[in-house]
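K.L.:
What follows is a structure written as structure tokens; I'll ask about it next.
What follows draws every value from the coordinates through simple rules; no lab data is involved. Only a predicted model underlies this, so the values are computations on that prediction, with no experimental measurement involved. Here the Cβ positions follow ideal geometry from the backbone for every residue, glycine too, while neighbour counts run over all protein chains shown.
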Amino acid sequence: MAEVVKELTRKEKEIRELIRAEIPWEPVGPTPMPEIADLRSWDMRLLKTYKPWYAPFCDLCCLCTYGKCDLSQGRRGACGLDIATQQARIILLACLMGCSAHAAHGGHILEHLIEKYGADKKIDMGTYIELEAPNIRTVTGLKPETLGDLKTVIEYVYKEITHLLDSTHFGQEGSYLDYESKALHASMLDHVGMEVADIAQIVGFNFPTSVADTPLVDMGWASVDESKPVILLVGHNPATSTTIIDYLRENDLYDKVEVAGICCTALETTRYSDRAKIVGPLSRQLFYVRTGIADVIVTDEQCIRTDMPIEADNVDSRVIATLDKAMYGLEDATDWDTEEIVKQMVEDKKHFAILNTKKAAEVAAKVALKIAPQRKKRWITEEEAIELAKKCTNCGICERVCPNLINIGDGITELAKGSFDLIKEQFNQCIGCGKCEQECPNKVPIFKIMQVAASKETWKIRAGRGPVMDTEIRNVGAPITLGTIPGVLAFVGCSNYPDIDDVADMVYEFARRKYIVTLTGCAAMAAGMKKFENGKTVYELFPPEFDAGGVLNVGSCVSNAHISGAAIKIANIFAALPLRANYEVMADYVFNRVGACGVAWGAMSQKAASIGTGFNRLGIPVLLGPHSSKYRRLYLSRKEEDDWTVMDARKREIVDSGEPSPEHLAYVCETKEKAMVMIPKLCIRKNDTPQGRSIKLNHYISLYKKYMGGGLPEDVHLFIRRDADIPLVYKKEVRAYLKEIDWQPKEPVGLPTLIGTYPTKVPLDAVIH
Amino acid sequence: MAVVPFHRVNVLTGIKASRIIEDPVQCADLILKARRPLLVLGAKLIEWSVDGKLALEYALDIARAARIPACGTAHVKGKMVELGVSPDSVYDVVEIVNALKDPDWRGVKKEGNHDLVIFLGVRSDLEEQCLSVLKHFAYKHLRTMTLDKYYFPHANYSLPNFKKDEQWGGFLEELMANLRKER
Amino acid sequence: MEWHSDIGPQYEGEVVRKEDLWIEFGGPKVARKFELCRLKSPEQIEHEKVEIIGKDINEMEEGGSYPIAIIVDVAGEQLDEDALPVLERRIHMFASYIEDWYHMNQRADTWIRVNKTAAKKGWTTLKEFGEILNFLYTSEMDIIEKIQITLITDPDLIEKLYPEAKAAYAARDQRVLTLHDEDVDTFYGCVLCQSFAPTHVSIISPDRIGNCGAINWFDGRAAAKIDPEGPIFAIPRGDLIDPTKGEYAGANQVERERSLGTYDRVYLYSAFEHPHTSCGCFEAIVFYIPEVDAFGIVHRAFKGKTVIGETFSHMAGETSGGRQVEGRLGTGLEQIRSPKFIQADGGLHRMVWMPKEIKERYRETIEAKGLWDKIAIEEDVADVDQLLKWLDEHQHPWLMGQVELPT
């Protein structure tokens, strides 16, 4: 490889200092701490095949005072923007929101921990993880050794966010492709921010790491011991939740107070203490708050009801807001005397913002202990529910406003007649927004009635285990090559899906089929809320190792970085490609040669958008549920028309592979059944060995037959390069079909890469090393 | 006077809304005038029943009556095979819309792109989003219609919000009759 | 084809528990059972016939254990005796593919457990089992021109036929023991791992199993016959250039052609000068310990630090990637049994350290060479200093200068 010797700019020299370039753990690649335009040519290459598909959510742009501007039918706004570019701008904004959420969460945790331990606190991810920070190392080029190093990284992310946000201003970017490139950039940085956050958490709070066998913890509202005072945590940031547990332990109160959580805070808390309870994912937040079981509700940030104090007033709970991101207009009691705060909360029923974690913890515990004995906590009976349900006239307004299109009125009127089956089904579909109850002209207390529809079971979920171990990565290389592991899946994202059982069903099906199934966030919780044979959840039925048929709870939303990190580890550990400041080569490898697929069945938030888009830039496709059409943008290919040429790095020639693998990068499926059929197909990659290809096709064809009425998939011939690719069980049937359509074999591409098919600074040798 | 779609998530934020077709004769006319119509079948057709008849059967009857090719989205094909038929193409709704918006696409039968696409049975929020794709990017060569029970602002032609299933079923039966008659 | 149960690799390893058991064949409760693949001439076979001799499923009791003999007769121009063990192992794979059926072991230990769910689905005859086997055998291998399956549940007949099976197994074992690199003119190359290690080619010979431990010479032979254009292919052995170090002209040629020009020489029996490349999937690493001028070996499952202070994982990072690394060999564990194992360097006689688990697994081989109390394990020594002392105390032949290197 020819050495390009050029003068370093002042900025490049500064970056090299920041990343300690002189320490040669690997040579520094071409893009240390990349800025907006540095990976643009890679983005453009991806977008050439996976063209943005826009479903505008709104025909108008309302962002400036020249508006509202009608952008329909080719019109441009007052600034010259067209509808496609406007959608792309909003997507960039969403990805920036997501990136900031994680970056700020990470930054906040870092401040908290550096305050406690100092910036020199060493990063140690355990015996089996030497590659501690694949995203950070790949994107920035720095090997982080201390908390202080993580601060350097997060400051780079903060800087990029500002520049990216700048481009959303009036009169900036005019190309939707360039807005997409910026969204991809913001989202790649999101994975960096998430990695900072989770590494800091693992190191600072002693979360599990280098262990697959984390404890099975309890999940479900029924797992909460209501005879005790209940502190409910809602949000994402474990700075406060861990402090609360510390306080309880130190004051010998941990047996006397129940600590439960909703959303990612619950996942984080159970990584700290396996006695904490997980109430459920985001879709259960409003439901649970309205039961009034929680004595004190402690909020931090992200995905929390913005009217939490009002909801709390309705059920006589108390709220403590612990982060500046969400203060609800409450009085800031951070500097007040603790006993005074407790008094006002107990006697005057006030809520406060307390931005000091230690004080917030103490107040939460003291208030809970004081008010619990006086609060009536109970679930309504079936008789009471039936009485309340009789108020419903089935006018249908609830159905009109429900985001999941449920006719709650039908469920309520059946319940009024004593039948609970429909309402139980509907409860599984409820995403917990409260609009039905808000609109009901008869003031039917729908959420209260749902209490009898809510299952009283408890479920088991594994505590989040953090990164995939280097040893695990090494172990799966052979099975992936030899075809015993058909792919790596990641079930991630929020709880805005057609039905909560969908996630568990998909996880079960694919774990049984020996895929490696990783999970994070609300999806991890949802997957655990269904029992299969012997009353066990998927976490009890399948092993927790990163191996065939394994089901892993990686952790909370910030733990998603470990999934993209695992893909990078495969390229670096297994294929021995250098990753330092070498994002384009890593992404090219993952895209062409790692059979991984994300499934964000209930994605709803801006964070989910940036997480998904971040996976996309790394070359990992994501399959989304129907609500995700409202994100406005997908990345789809047209399999027969598009450009499937790659460079064969062995032969050093461009080859038209004709194979749409993966077929799409961001894709919406209407039903769970079709998703089951698509997922195996999205794991196909051009470098599959015949054994690997035939196992993937086995599952594609098998699931197709199950859900599509038999026969063979219409496009199966596109994925068969040679006869040896055909799965054994379907050999005769497929051969007959291929003969019918006059199929011709083609040579598999030994070392597929996109390098060489588009203008890039990366030399071809870099993908072979 | 704007009509609010039954599911409020689909409310129009824009200026151009679909024309409501309340007369099955007029509807049949619009369909038959199209040179290469396409019927897109959504997954809800497997779940819904009207007057004891599966919604998918209504859709298949319409396709037969007007001799329109049908695209089975999601896992609709599974049910169709059970009923003894096969769709002319299998694409998910986001995929078929992706193809339809390309004026150079040669259509399901490779005879040329379609000029009228009729949606039936896709869950309404997803259907409205897909109609938005076509409204903004295919308006030059393609008209869109929905035969679903509710009003869809992004389509070119839409049915009104039917209050009762029977009214909707009745409309579809009359539409079928008119399609057969005028053929 | 419509069967009562679904078939596919997703059903492999599905255990049938006691309460779910419908019928059991073979296994520990049954005295005599076997599975056997035989080579016949085409006239001797009625293609795709399935014969049941003895009771069929519909005459058996729920929860019962019954003797079984599964005999697969094959004919084909490209088939020979060496292919039979490969074909016979397919019985396990194919039976496991059947939903509701669980198969374990092989040969005279065969064990099948059928789930009650099979009964519910309508299974009434073993004939269907035979038909599925026929279907899968003929689907996979064109080289099987004719196939016939006999399923025997009559205990007397099974007993009568057992000596034939026993003799067949013994003959094959003998063949494996006595077949060496010099006896064949074809080796097999495997490039399955090239997307991870672009310069790696595995040379598989009778004395040298693949690094992953999954493919031996017989497997390679069968694979190359079934899919000659595939990733496992025949290598004409060519001239034997160096019998001690194991250098063959054919192997050198393949290296030149398939390693992107990186290598053009390979020694199959040495860890020095031109050692075999290592991919990433190897079962174990043979590593040179300079302080004692001898070798250690460590396998993937070993969690801790080896005697040289590095873990498997760490060493794997330095050994993998398709490179020839002197003093480091990513290898299949069965190599320990091979008479040619690093013979140029002294073979097992130059081995001084291995994990306890490995030493136990290969006890017979190590004892046969009189080395059992000469090789240290992790419980004996923690580092190289201790190792030196220990080897001295135990008078390891290599350190005593008693081992002569072959010339």
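K.L.:
Using only the alpha carbons of the protein assembly as shown, determine the length spanned along each of the three principal axes and report them from longest to shortest in whole angstroms.
P.N.:
So the three principal-axis extents are 97, 81, 68 Å.
K.L.:
Tell me which aspartates and glutamates have Cα within less than 12 Å of B:LYS109's Cα, excluding those fewer than 8 residues away on the same chain?
P.N.:
B:ASP88
K.L.:
Longer than 19 Å from Cα to Cα, which of B:LYS149/B:LYS181; A:LYS672/A:LYS705; A:LYS435/B:LYS149; A:LYS705/C:LYS146; A:LYS277/A:LYS358; A:LYS514/A:LYS731 are they? Say none if no pair is. Walk me through the intermediate numbers first.
P.N.:
Numbers: B:LYS149/B:LYS181 23 Å; A:LYS672/A:LYS705 15 Å; A:LYS435/B:LYS149 22 Å; A:LYS705/C:LYS146 30 Å; A:LYS277/A:LYS358 21 Å; A:LYS514/A:LYS731 21 Å.
Long pairs (Cα-Cα over 19 Å): B:LYS149/B:LYS181; A:LYS435/B:LYS149; A:LYS705/C:LYS146; A:LYS277/A:LYS358; A:LYS514/A:LYS731.
K.L.:
How far is helix A:690-707 tilted off the main Cα axis of chain A, in degrees rounded to 10, range 0 to 90?
P.N.:
50
K.L.:
Roughly speaking, what is the centre-to-centre gap between segment C:275-320 and segment A:709-769 when only Cα atoms are used, to the nearest Å?
P.N.:
36
K.L.:
Which is the longest part of chain A that has none of the chymotrypsin sites (Phe, Trp or Tyr not before Pro) sitting in a DSSP loop with at most 13 other Cβ atoms within 10 Å?
P.N.:
Values: sites that count: A:TRP25, A:TYR66, A:PHE170.
In short, A:171-769.
K.L.:
Same structure, new question: Computed over the Cα atoms of segment A:286-341, what is the ratio Rg over Rh, Rh following Kirkwood? Present the calculation step by step, with values, prior to reporting the outcome.
P.N.:
Numbers: Rg = 11.5 Å, Rh = 11.9 Å.
Taking Rh as the inverse mean 1/r over Cα pairs, Rg/Rh reads 0.96.
K.L.:
Net charge near B:ARG36: determine it from the other residues with C-beta under 9 Å of the C-beta of B:ARG36, scoring Lys and Arg +1 and Asp and Glu -1. The partial results should precede the final answer.
P.N.:
On the way: positive: B:ARG35, B:LYS109; negative: B:GLU111, B:ASP115.
Around B:ARG36, the charge tally is 0.
K.L.:
If you place +1 on the Cβ of every Lys and Arg, -1 on the Cβ of every Asp and Glu, and leave all else neutral, what size is the dipole of segment A:34-73 about its Cα centre, to the nearest 20 Debye?
P.N.:
Working: 5 positive and 5 negative charges, 37 e Å.
About 180 debye.
K.L.:
Among B:TYR139, B:ALA74, B:CYS27, which residue has its Cα furthest toward the positive end of the charge dipole of segment B:15-182, with +1 on Lys/Arg Cβ and -1 on Asp/Glu Cβ?
P.N.:
B:TYR139
K.L.:
Separate question: Could you pull out the GluC sites (Glu not before Pro) across segment C:324-407 that fall in loop regions by DSSP (anything but H, G, I, E, B) with no more than 14 other Cβ atoms inside 10 Å?
P.N.:
Details: sites: C:GLU326, C:GLU334, C:GLU357, C:GLU360, C:GLU364, C:GLU367, C:GLU378, C:GLU379, C:GLU393, C:GLU404; in loops: C:GLU326, C:GLU378, C:GLU379, C:GLU404.
Passing both the DSSP loop test and the Cβ count: C:GLU326, C:GLU379, C:GLU404.
K.L.:
What is the sum of charges, Lys and Arg at +1 and Asp and Glu at -1, for the other residues whose Cβ falls under 15 Å from the Cβ of A:CYS392?
P.N.:
Details: positive: A:LYS390, A:LYS391, A:ARG400, A:LYS417, A:LYS443, A:LYS448; negative: A:GLU384, A:GLU387, A:GLU399, A:ASP410, A:GLU414, A:GLU437, A:GLU439.
Within the 15 Å Cβ shell, the charges total -1.
K.L.:
Hey, got the dipole for segment B:109-183? About the Cα centre, +1 on K and R Cβ, -1 on D and E Cβ, debye to the nearest 20?
P.N.:
On the way: 12 positive and 11 negative charges, 51 e Å.
My answer is approximately 240 debye.
K.L.:
Among A:ILE431, A:ILE83, what is the fewest-to-most ranking by other Cβ atoms within 10 Å?
P.N.:
Values: A:ILE431 23, A:ILE83 27.
Ascending number of Cβ neighbours within 10 Å: A:ILE431, A:ILE83.
K.L.:
Structure shown: which of B:LYS101/B:LYS135; A:LYS121/A:LYS143; B:LYS53/B:LYS79; C:LYS18/C:LYS160; A:LYS706/B:LYS53 lie over 19 Å apart, alpha-carbon to alpha-carbon? Mind showing how you got there, number by number?
P.N.:
On the way: B:LYS101/B:LYS135 9 Å; A:LYS121/A:LYS143 15 Å; B:LYS53/B:LYS79 14 Å; C:LYS18/C:LYS160 31 Å; A:LYS706/B:LYS53 24 Å.
Over 19 Å Cα-Cα: C:LYS18/C:LYS160; A:LYS706/B:LYS53.
K.L.:
Can you tell me the equivalent ellipsoid semi-axes for segment A:130-212? Use √(5λ) from the Cα gyration tensor, largest first, whole Å.
P.N.:
Values: eigenvalues 183, 30, 22 Å².
Semi-axes (√(5λ), whole Å): 30, 12, 11.
K.L.:
Sorted from fewest to most neighbouring beta carbons within 10 Å, what does the list A:LYS182, A:LYS159 look like?
P.N.:
Values: A:LYS182 28, A:LYS159 13.
With the sparsest Cβ surroundings first, the list reads A:LYS159, A:LYS182.
K.L.:
Same structure, new question: Which far-off residues, 5 or more places away or on another chain, put their amide H under 5 Å from the one on B:ALA43, with H placed in the peptide plane?
P.N.:
B:ARG123
K.L.:
Moving on to the next point. Can you check what the net charge comes to around A:ALA197, using other residues whose Cβ is under 11 Å from the Cβ of A:ALA197 (Lys, Arg +1; Asp, Glu -1)?
P.N.:
-4
K.L.:
Right, next: With the cut-off at 1.5 for a/c, could you classify chain B from its C-alpha gyration tensor as rounded, prolate or oblate?
P.N.:
Numbers: a/c = 1.27, a/b = 1.03, b/c = 1.24.
Judged from the Cα gyration tensor, chain B comes out rounded (a/c under 1.5).
K.L.:
Further question: Starting from the amide H of C:THR186, placed 1.01 Å from N in the peptide plane, find each other amide H under 5 Å away whose residue is 5 or more places distant or on another chain.
P.N.:
C:ARG237
K.L.:
Hey, another quick one. Have a look at segment A:1-116 and give its Rg and Dmax from the Cα atoms, expressed in angstrom.
P.N.:
According to the Cα coordinates of segment A:1-116, Rg and Dmax are 20.9, 58 Å.
K.L.:
Once amide H atoms are placed 1.01 Å from N in the peptide plane, what residues at a sequence separation of 5 or more from A:LEU552, or on another chain, have their amide H within under 5 Å of its amide H?
P.N.:
A:VAL517, A:THR518, A:LEU519
K.L.:
So, one more: Fewest Cβ neighbours within 10 Å first, please rank B:ARG180, A:ARG474 accordingly. It would help to have the intermediate numbers written out before the result.
P.N.:
Numbers: B:ARG180 13, A:ARG474 23.
By the 10 Å Cβ count, ascending: B:ARG180, A:ARG474.
K.L.:
Another question, if that's okay. Note the angle between two axes, namely the Cα long axis of helix C:384-394 and the longest principal axis of the Cα atoms of chain C, as a number of degrees from 0 to 90, rounded to the nearest 10.
P.N.:
Roughly 80 degrees between the two axes.
K.L.:
Take A:GLU155 and B:ILE20, extend 7 Å from each Cα along the Cα→Cβ direction, and tell me the distance between the two endpoints in nm.
P.N.:
If labels sit at A:GLU155 and B:ILE20, their model points lie 6.2 nm apart.
K.L.:
State the answer as a single residue: which of A:PRO748, B:ASN156, C:ALA234 lies farthest towards the positive end of the charge dipole of the protein assembly as shown, with beta carbon charges of +1 for Lys and Arg and -1 for Asp and Glu, about the Cα centre.
P.N.:
Checking the options against the dipole of the protein assembly as shown, the answer is B:ASN156.
K.L.:
Kindly provide the trypsin sites (Lys or Arg not before Pro) of segment C:336-386 that DSSP labels as loop, not H, G, I, E or B, and whose Cβ sees at most 16 other Cβ atoms within 10 Å. Walk me through the intermediate numbers first.
P.N.:
On the way: sites: C:ARG337, C:LYS340, C:ARG350, C:LYS356, C:LYS359, C:ARG361, C:ARG363, C:LYS369, C:LYS374; in loops: C:LYS340, C:LYS369.
Here the sparse-neighbourhood loop sites are C:LYS369.
K.L.:
Take chain B, mark every one of the GluC sites (Glu not before Pro) that falls in a DSSP loop and has at most 12 other Cβ within 10 Å, then report the longest stretch left between them, sites excluded.
P.N.:
It works out to B:23-110.
K.L.:
Rounded to the nearest 500 deg cm²/dmol, what is the calculated helix-only ellipticity per residue at 222 nm for chain C, with -39500 (n - 2.57) per DSSP H run of length n ≥ 4?
P.N.:
-8000 deg cm²/dmol
K.L.:
May I ask what percent, to the nearest 5, of DSSP beta bridges between residues of segment B:15-182 are antiparallel?
P.N.:
Working: 2 of 19 bridges.
The antiparallel proportion sits near 10 percent.
K.L.:
In addition: What is the dipole size for segment B:28-83, taken about its Cα centre, with +1 at each Lys and Arg Cβ and -1 at each Asp and Glu Cβ, in debye to the nearest 20?
P.N.:
Working: 9 positive and 6 negative charges, 70 e Å.
Taking the Cα centre of segment B:28-83 as origin, the dipole is about 340 debye.
K.L.:
Further, regarding this structure: So, in Å, what gap is there between the alpha-carbon centers of segment C:6-42 and segment A:377-446?
P.N.:
53
K.L.:
What percent do you get for the relative contact order of segment A:382-482 when only Cα pairs under 8 Å and 6+ apart count? Before the final figure, lay out the partial values.
P.N.:
On the way: 100 pairs, mean separation 27.1, N = 101.
Reported relative contact order: 27 percent.
K.L.:
Moving to a separate point now. So what is the relative contact order of segment A:236-288, in percent, for Cα pairs below 8 Å that sit 6 or more residues apart?
P.N.:
On the way: 57 pairs, mean separation 18.3, N = 53.
Averaging sequence separation for qualifying contacts and normalising by length gives 34 percent for segment A:236-288.
K.L.:
Label points 7 Å out from Cα along the Cβ direction at A:GLU22 and C:THR244: separation in nm?
P.N.:
So the two model labels end up 4.9 nm from each other.
K.L.:
For the pair C:GLU19/A:LYS376, report the inter-label distance in nm, with labels modelled 7 Å from Cα in the Cβ direction.
P.N.:
Once both label points are built, they end up 4.3 nm from each other.
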